[in-house]
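The structure appears below as structure tokens.
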Amino acid sequence: MKFDKSLIATLREDPKEAESKSHRILLRGGFIRQLASGIHTYLPLGWRILLKISNIVREEMDRIGAQELLMPALSPKEIWEESGRWQEYGDDMFRLKDRKDREYCLCPTHEEIVADIARNKIRSYRDLPQMWYQIQTKFRDEPRPRSGVLRSRQFIMKDSYSLDRDEKGLDRSFNLHRDAYMKIFKRCGLDFVIVEASGGLMGTGESKEFVALVEGGEDQLATCKQCDYRANMQVAEGQGEHKSFADTPITQVATPGKRTVEEVTEFLNVCAENLVKSMFFTAAGKEPVLILIRGDYEINEDKIVCLLGHDYQPATAEEIKKHFDAEPGFVGPVGVENVSIYADELLRDAQGMITGANRDGYHIKGLNLKRDTRVKEFVNLRMIRHGDRCTRCGGEIHIQTALELGHIFKLGTKYSISLGANYLDEKGQARPIVMGSYGIGLERIMACACEQQGDERGASWPISIAPFDTYVTVLNPLDEKVAQMSGEVIQLLTNAGLSIIIDDRDISAGIKFNDSDLIGIPVRVTVGPKGVKSNRIDIYMRQTGERLDVDKSEVATKCLQIKKLLYERISE
RNA sequence: CGGGGCGUGGCGCAGUGGCUUAGCGCGCCAGCUUGGGGUGCUGGAGGUCGUCGGUUCAAAUCCGAUCGCCCCGACCA
């Protein structure tokens, strides 16, 4: 491919909207172009990278016996009503109507569609197991698209689904995916770790995330400094210190206008550990729930969802007033009726605590949880924080930003039951198919490679996903001898099977060198007037900056050698 | 949804009430020059100052509304 007429538009200056490294590189190098918030065009250079990534993904998925198919991106409402996710997905789902006023969505994921295929196609245990996958565009109306391609509203995902007869089969499919994912990310030249994760909207089964520890990430991770414990913030559990204060009878204390932990601690001159926060959650048609958590911790809403279900939401101010006869900020657990109370485990033996008095402008002192409240259960409901202790080894927990590359879930029978996807076992008994769901964000691999390998000069693609193997710089292209020699070199490289991009633009050398660095092609071959007389060619490696001076006759073998070497480095 | 910031040729920016024709750098076009890390010079093309409304003799500039984009948070397979 010639640089000259290509749709590559490198930018001389950093685009102002790009703050993260990968976003900056992708825009400046002309890999992507933004059309609207969270919506991008993949220009030829970026698309070639995504195609390389897809091929690696495809090879590894095929290798574990998954079959590729393509499901529609557009889907009628009804099937999502069967699973309940037409409701659950809420505003994150793009919805539209056809000319007959029928409702549709742009699929954010495909469990329902898979279950629909399965309920029609799978009859017997003999049809199982199955693994189906696709590489397809997904749509999610993210509340805040971010960092270019890292969190966008339209993105390309490899999603696969396993269908098994039982948990044992699911374990096998899950492990096959885990191994395939490790190979995929490794082959793409990325550094990553596997962490415990939460299923979120998918379900509550086992789930693991493949994440890269990079600064520009969209995710947060709790990691133990001492052992290898790593978990997504939503599921991470740390050891906290139990704190107790002198046991006294309950007394009311006026705290006019002091609602937040900060305000109350300052006003009463106590520490945040002495406070109990009360958070009220409601769900249509269900008993409301009061969650108690110590003042120095934040509530982990994901854990609430796991405990109570997706339909529970933080209550509105009106609901709070109705149940407690007090404004938010003055709510507490003492004397409440028709409300289930759950408390964070750190409050198990807490006494002498301060909490809302269920009376505007008042708190109570001397709360003894055991004595004064009817706590249904003590469980870990708090968000882990920097400096907590590891539950496994007692080491210090750190919070790091990370980039989620892939996610694997054990769905179990959630979708097969709600959509009626059953099979007949040996005894002729109908049983729900046991499902798993597995995703990889292709653009995130591209962005991650920028974060991990890019530098101030631009991208530096791992050879396996580089848009081209070799960048041929032709200096003084109007010089006849140079033109002739570059033609020969191009022929040699092409014959050797290398993919090349030819930069014979009639501009100064520096621009070409800088562009080649910016778009990050692993190997650069320079043909110029200096080398023409002696038939010498300059070869330069982007990652290491190494330079070689070779005879024209060796140029192809040398480039092939380097390519091989670069592949070897990835697999080490 | 809360907080902050920004919308002026393709890109990055300057311009807070009257210099007539809205500037500068880069890019683009023409010509020369230079030629191994963004060469120098000359001449050109290109702008409803996000949109709508208001104030004023006069608005890119002041006021109001609205749309869009970015960042932090909330949220998020």
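Just to confirm my filter: which strands (runs of 3 or more DSSP E) fall fully inside the stretch A:451-539 and include at least 3 residues that are under 19 Å from A:Pro44 (Cα atoms)?
Working: elements: A:470-474, A:500-503, A:523-527.
Fully inside the stretch A:451-539 and qualifying: A:470-474, A:500-503.
Please pick out the residue among A:Thr557, A:Thr544 that is more than 14 Å from A:Tyr471 (Cβ to Cβ), more than 9 Å from RNA strand B (Cβ to nearest atom) and in a helix (DSSP H, G or I). Break it down into steps so the answer makes sense when it comes.
Numbers: A:Thr544 fails: in a helix (DSSP H, G or I).
The conditions single out A:Thr557.
Suppose we filter the stretch A:454-474 for residues that are under 20 Å from A:Glu572 (Cβ atoms) and either among the small types (Gly, Ala, Ser) or at pLDDT below 95 (or both); how many remain? Before you say what the answer is, go through the steps one by one.
Residues of the stretch A:454-474 that are under 20 Å from A:Glu572 (Cβ atoms), as a first pass: A:460-466, A:469.
Cutting the leftovers down to either among the small types (Gly, Ala, Ser) or at pLDDT below 95 (or both) gives us A:460, A:464, A:466.
Residues that pass the stated criteria total 3.
Criterion first (in a loop (DSSP other than H, G, I, E, B), touching a residue at least 60 places away in the same chain (Cβ under 8 Å) and in the same structural domain as A:Leu442 (by TED's automatic domain parsing)) does A:Leu170 satisfy it?
No: the conditions fail for A:Leu170.
Looking at (1) farther than 30 Å from A:Asp14 by Cα; (2) in contact with a Ser or Thr (Cβ under 8 Å, 6 or more places away or on another chain), which one does A:Gln491 not meet, given that it meets all the others?
(2)
From the list A:Lys552, A:Lys530, A:Lys564, which one is more than 8 Å from RNA strand B (Cβ to nearest atom) and surrounded by 12 or more Cβ atoms within 10 Å (Cβ to Cβ)? Steps first, please.
Numbers: A:Lys530 fails: more than 8 Å from RNA strand B (Cβ to nearest atom); A:Lys564 fails: surrounded by 12 or more Cβ atoms within 10 Å (Cβ to Cβ).
Answer to the selection: A:Lys552.
Consider A:Gly387 carefully, then state whether it is surrounded by fewer than 15 Cβ atoms within 10 Å (Cβ to Cβ), out of contact with any Cys (no Cβ under 6 Å at 6 or more places or on another chain) and at positive phi.
It is true that A:Gly387 is surrounded by fewer than 15 Cβ atoms within 10 Å (Cβ to Cβ), out of contact with any Cys (no Cβ under 6 Å at 6 or more places or on another chain) and at positive phi.
Being farther than 30 Å from A:Thr109 by Cα, assigned by TED's automatic domain parsing to the domain that holds A:Asp228 and out of contact with any helix residue (DSSP H, G or I) (no Cβ under 6 Å at 6 or more places or on another chain) narrows it down to one residue among A:Lys414, A:Lys370, A:Lys427; which is it?
On the way: A:Lys414 fails: farther than 30 Å from A:Thr109 by Cα; A:Lys370 fails: assigned by TED's automatic domain parsing to the domain that holds A:Asp228.
From the options A:Lys414, A:Lys370, A:Lys427, the qualifying one is A:Lys427.
If you go through the stretch A:416-454 one residue at a time, how many are of a type in the set (Val, Ile, Thr) and within 16 Å of RNA strand B (Cβ to nearest atom)?
The first filter runs over the stretch A:416-454 and keeps only residues of a type in the set (Val, Ile, Thr), leaving A:417, A:433-434, A:440, A:445.
Next, only the ones that are within 16 Å of RNA strand B (Cβ to nearest atom) stay: A:440, A:445.
Total meeting the criteria: 2.
Which of the following residues is in contact with a Lys or Arg (Cβ under 9 Å, 6 or more places away or on another chain) and either basic (Lys, Arg) or not assigned by TED's automatic domain parsing to the domain that holds A:Ser198 (or both): A:Leu221, A:Leu290, A:Leu275? Break it down stepwise before answering.
On the way: A:Leu221 fails: either basic (Lys, Arg) or not assigned by TED's automatic domain parsing to the domain that holds A:Ser198 (or both); A:Leu290 fails: in contact with a Lys or Arg (Cβ under 9 Å, 6 or more places away or on another chain).
Testing whether each residue is in contact with a Lys or Arg (Cβ under 9 Å, 6 or more places away or on another chain) and either basic (Lys, Arg) or not assigned by TED's automatic domain parsing to the domain that holds A:Ser198 (or both) leaves just A:Leu275.
Output the residues belonging to the stretch A:340-363 that are over 38 Å from the mean Cα position of the chain (by Cα) and hydroxyl-bearing (Ser, Thr, Tyr).
A:Tyr362
Name every residue in the stretch A:455-472 that is within 14 Å of RNA strand B (Cβ to nearest atom), touching a helix residue (DSSP H, G or I) at 6+ places or on another chain (Cβ under 9 Å) and not hydroxyl-bearing (Ser, Thr, Tyr), in order of residue number.
Across the stretch A:455-472, the qualifying residues are A:Asp455, A:Arg457, A:Gly458, A:Ala459, A:Val472.
Report the residue count in the stretch A:273-297 for those that are out of contact with any strand residue (DSSP E or B) (no Cβ under 8 Å at 6 or more places or on another chain) and either modelled with pLDDT of 90 or more or among the aliphatic types (A, V, I, L, M) (or both).
Matching residues across the stretch A:273-297 total 1.
Can you spot a residue in the stretch A:232-254 that is closer than 23 Å to A:Ile304 by Cβ, of a type in the set (A, V, I, L, M, F, W, C) and within 12 Å of the chain's Cα centre (by Cα)?
No: zero hits.
Determine whether A:Ser152 is among the polar types (S, T, N, Q), within 15 Å of the chain's Cα centre (by Cα), assigned by TED's automatic domain parsing to the domain that holds A:Thr413 and farther than 20 Å from A:Pro72 by Cβ.
Values: among the polar types (S, T, N, Q): yes; within 15 Å of the chain's Cα centre (by Cα): yes; assigned by TED's automatic domain parsing to the domain that holds A:Thr413: yes; farther than 20 Å from A:Pro72 by Cβ: yes.
Considered against the rule, which asks whether it is among the polar types (S, T, N, Q), within 15 Å of the chain's Cα centre (by Cα), assigned by TED's automatic domain parsing to the domain that holds A:Thr413 and farther than 20 Å from A:Pro72 by Cβ, A:Ser152 comes out as yes.
If I filter the stretch A:396-410 for residues that are more than 13 Å from RNA strand B (Cβ to nearest atom) and of a type in the set (A, V, I, L, M, F, W, C), do I get at least one hit?
Looking through the stretch A:396-410, at least one residue is more than 13 Å from RNA strand B (Cβ to nearest atom) and of a type in the set (A, V, I, L, M, F, W, C).
Can you find a residue in the stretch A:137-156 that is more than 16 Å from RNA strand B (Cβ to nearest atom), part of a strand (DSSP E or B) and touching a residue at least 24 places away in the same chain (Cβ under 8 Å)? Lay out the reasoning, then the answer.
Taking the stretch A:137-156 and keeping what is more than 16 Å from RNA strand B (Cβ to nearest atom), we get none.
No; the residues of the stretch A:137-156 include none that is more than 16 Å from RNA strand B (Cβ to nearest atom), part of a strand (DSSP E or B) and touching a residue at least 24 places away in the same chain (Cβ under 8 Å).
Name the residue, out of A:Leu475, A:Leu403, A:Leu419, that is touching a helix residue (DSSP H, G or I) at 6+ places or on another chain (Cβ under 7 Å), surrounded by fewer than 24 Cβ atoms within 10 Å (Cβ to Cβ), of a type in the set (A, V, I, L, M) and in the same structural domain as A:Gln134 (by TED's automatic domain parsing).
Working: A:Leu475 fails: in the same structural domain as A:Gln134 (by TED's automatic domain parsing); A:Leu403 fails: surrounded by fewer than 24 Cβ atoms within 10 Å (Cβ to Cβ).
Result of the check over A:Leu475, A:Leu403, A:Leu419: A:Leu419.
The values are calculated or read from the model by the stated rules, or taken from the named source; none is laboratory data. Computed from a predicted model, the values in this text were never measured in an experiment. Neighbour counts run over all protein chains shown; Cβ positions are idealised from the backbone, glycine included.
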